[in-house]
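Below is one structure, written out as structure tokens, with a few remarks after it.
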Amino acid sequence: MRLTRVFTVLATMVAITAMAYTAKAAPTYVGVNQCKMCHMKQYNVWKDTAHAKAFDALKPADQAKPECIKCHITGDNKELKGVQCEACHGAGSEYKSFAVMKNVKEAEAKGLVPKPVNVCVKCHNKNSPNFKGFDFNTAWPKIKHGL
Ligand code: HEC
Ligand code: HEC
Ligand code: HEC
Ligand code: HEC
């Protein structure tokens, strides 16, 4: 009886430690300036796209509305204005170091989405008040960077 109880306490402690560890590893958004350091070529294309200016496109009153800004910022961080790299490629805190990034498979395991072709419709959908339809094959060439 007592032994069972001790075991239960131990098992609970292990579970809590595992949960704490997982929570710690949850990636966060670091912002475009972090990516720019090593990806100047992609940055120079991105900065002239509508995505870079997506927050500025909102009227000042709408910039205060959560229901509007959610597709005009990166992640759920209001400090990260516009549709930045990580809005498509995933939150970068765990993959942005050179040691991880140079190995794309490892970066992917830490949250990188190398080819985010299915991410577009998270924002380009009928919940956008200005939605006029979306076709990846015609939209991508307008914002294509690199390759
Ligand atoms: C310290 C330098 C460094 C930083 C900072 C960095 N990267 Fe990278 N990134 C690299 C290197 C090196 C590669 C591998 C290039 C190669 O394929 O040889 C890479 C590859 C990539 C790839 C291509 C993966 C593929 O399929 O080949 C993407 C996408 C990417 N990075 C996105 C980002 C994003 C988004 C950020 C910011 C959150 C970022 N990187 C920050 C160095 C960096
Ligand atoms: C579901 C994501 C989403 C939400 C929510 C959203 N937008 Fe947008 N917004 C977009 C996308 C995507 C575009 C690019 C046009 C499109 O829909 O294809 C856009 C474009 C715009 C533009 C640029 C004008 C244009 O015709 O291109 C303005 C202004 C704008 N949105 C205002 C708003 C306002 C105001 C709200 C809140 C009432 C809002 N958006 C909520 C995704 C969203
Ligand atoms: C986080 C939300 C979000 C994601 C993800 C997203 N977009 Fe957008 N996109 C927007 C918003 C908001 C605008 C409007 C910006 C403006 O008009 O200022 C926009 C504008 C555009 C435009 C310019 C519209 C025009 O006709 O000039 C293109 C092209 C586009 N997006 C393509 C894509 C593609 C391709 C993907 C996926 C690879 C993608 N978007 C992913 C939110 C998003
Ligand atoms: C609207 C979504 C979106 C945004 C924003 C975005 N990317 Fe990409 N990126 C993509 C897609 C989709 C691909 C894959 C294209 C393919 O493989 O056909 C890609 C490919 C890449 C690649 C690999 C191809 C290459 O250029 O060698 C790198 C590196 C990269 N992006 C870095 C960045 C950086 C850095 C930023 C921010 C400055 C950024 N991306 C912003 C959607 C996006």
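The values are calculated or read from the model by the stated rules, or taken from the named source; none is laboratory data. The model shown is predicted, which means the values in this text are computed figures rather than measured ones. In this analysis, Cβ positions are derived from the backbone assuming ideal geometry, glycine residues included, and neighbour counts consider all displayed protein chains.
Values as computed for the structure displayed
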{"item": "Candidates SER97, SER93, filtered to the one that is more than 16 Å from ligand 2 (Cβ to nearest atom) and in contact with a Ser or Thr (Cβ under 7 Å, 6 or more places away or on another chain)", "result": "SER93"}
{"item": "Options LYS110, LYS105: the member that is among the basic types (Lys, Arg), touching an Asp or Glu at 6+ places or on another chain (Cβ under 7 Å) and within 16 Å of ligand 1 (Cβ to nearest atom)", "result": "LYS110"}
{"item": "Residue in region 72-93 that is closer than 19 Å to ILE143 by Cβ, of a type outside the set (A, V, I, L, M), modelled with pLDDT of 95 or more and touching a Lys or Arg at 6+ places or on another chain (Cβ under 7 Å) present", "result": "yes"}
{"item": "Selection count where residues are under 13 Å from ALA50 (Cβ atoms) and under 19 Å from the mean Cα position of the chain (by Cα), scope region 129-147", "result": "1"}
{"item": "Residue that is nearest to LEU112 (Cα to Cα) [pool: residues in region 60-88 that are surrounded by 20 or more Cβ atoms within 10 Å (Cβ to Cβ) and of a type in the set (Gly, Ala, Ser)]", "result": "ALA87"}
{"item": "Helices (runs of 4 or more DSSP H) wholly inside region 36-144 that include at least 2 residues being near ligand 3 (Cβ under 9 Å from one of its atoms) and either in contact (Cβ under 8 Å) with a residue 24 or more places away in the chain or of a type in the set (A, V, I, L, M) (or both)", "result": "85-89, 136-143"}
{"item": "Hey, ALA99 surrounded by fewer than 20 Cβ atoms within 10 Å (Cβ to Cβ), farther than 22 Å from CYS35 by Cα and over 12 Å from the mean Cα position of the chain (by Cα) or not", "result": "no"}
